[in-house]
Amino acid sequence: NVVNHTLLHAAVVREGSAPDSTYTSGDAQVISLEYLLQQHTHVDYLDLDIQGQELSVLTEHKTAKLLNEKVYSIHVGTHSPYIHAMLKQFFSNEGWVPELDYAYNDDILRCDE
């Protein structure tokens, strides 16, 4: 039922921060992931591509707590082998079980060059 779904196009930042990327796509609003999650009782699917800020945004204590309470499934685009490995460890420590886990592949990033 489309009436009960929300599609949000936003620039997600760490609480109290401003975006530090020059990447833009349309007129996205800037919000914290914590704020976004507080607005919903549950989120079926969260898809994040936050340009190298994955660790700082997702591992914030309040945000991590809300992820565990409200998000049923998440997809995160990572931007370095280090971030990829650290997020795998973070989600594992939080009790998440991967359904799909693609190895970090920087060749995908080169297609935009």
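Listing for the model above:
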quantity	calculated
In region 41-55, the residues that are closer than 21 Å to Gly95 by Cβ and surrounded by 14 or more Cβ atoms within 10 Å (Cβ to Cβ)	Val43, Leu46, Leu48, Glu54, Leu55
Members of region 66-77 that are open to solvent by 30 Å² or more (accessible area, probe 1.4 Å) and touching a helix residue (DSSP H, G or I) at 6+ places or on another chain (Cβ under 9 Å)	Glu69, Lys70, Ile74, Val76
Region 28-40, residues that are open to solvent by 40 Å² or more (accessible area, probe 1.4 Å) and β-branched (Val, Ile, Thr)	Val30
Answer residue from region 80-96, given it is hydroxyl-bearing (Ser, Thr, Tyr) and open to solvent by 60 Å² or more (accessible area, probe 1.4 Å) and is nearest to Ile50 (Cα to Cα) among those	Tyr82
Any chance Val76 is of a type in the set (A, V, I, L, M) and either modelled with pLDDT under 90 or in contact with a strand residue (DSSP E or B) (Cβ under 9 Å, 6 or more places away or on another chain) (or both)	yes
Enumeration of residues in region 1-59 that are β-branched (Val, Ile, Thr), modelled with pLDDT of 60 or more, closer than 25 Å to Pro81 by Cα and part of a loop (DSSP other than H, G, I, E, B)	Ile50, Thr59
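The values are calculated or read from the model by the stated rules, or taken from the named source; none is laboratory data. The shown structure was predicted, so the numbers you read here are calculated from the model rather than taken from an experiment. Every residue, glycine as well, gets a Cβ built from its backbone with ideal geometry; the counts of neighbours run over all protein chains shown. Ligands, DNA and RNA are stripped out before the accessible areas are found, and what is left, the full protein with its side chains, is counted by its heavy atoms. Shrake-Rupley method; radii C 1.70, N 1.55, O 1.52, S 1.80 Å.
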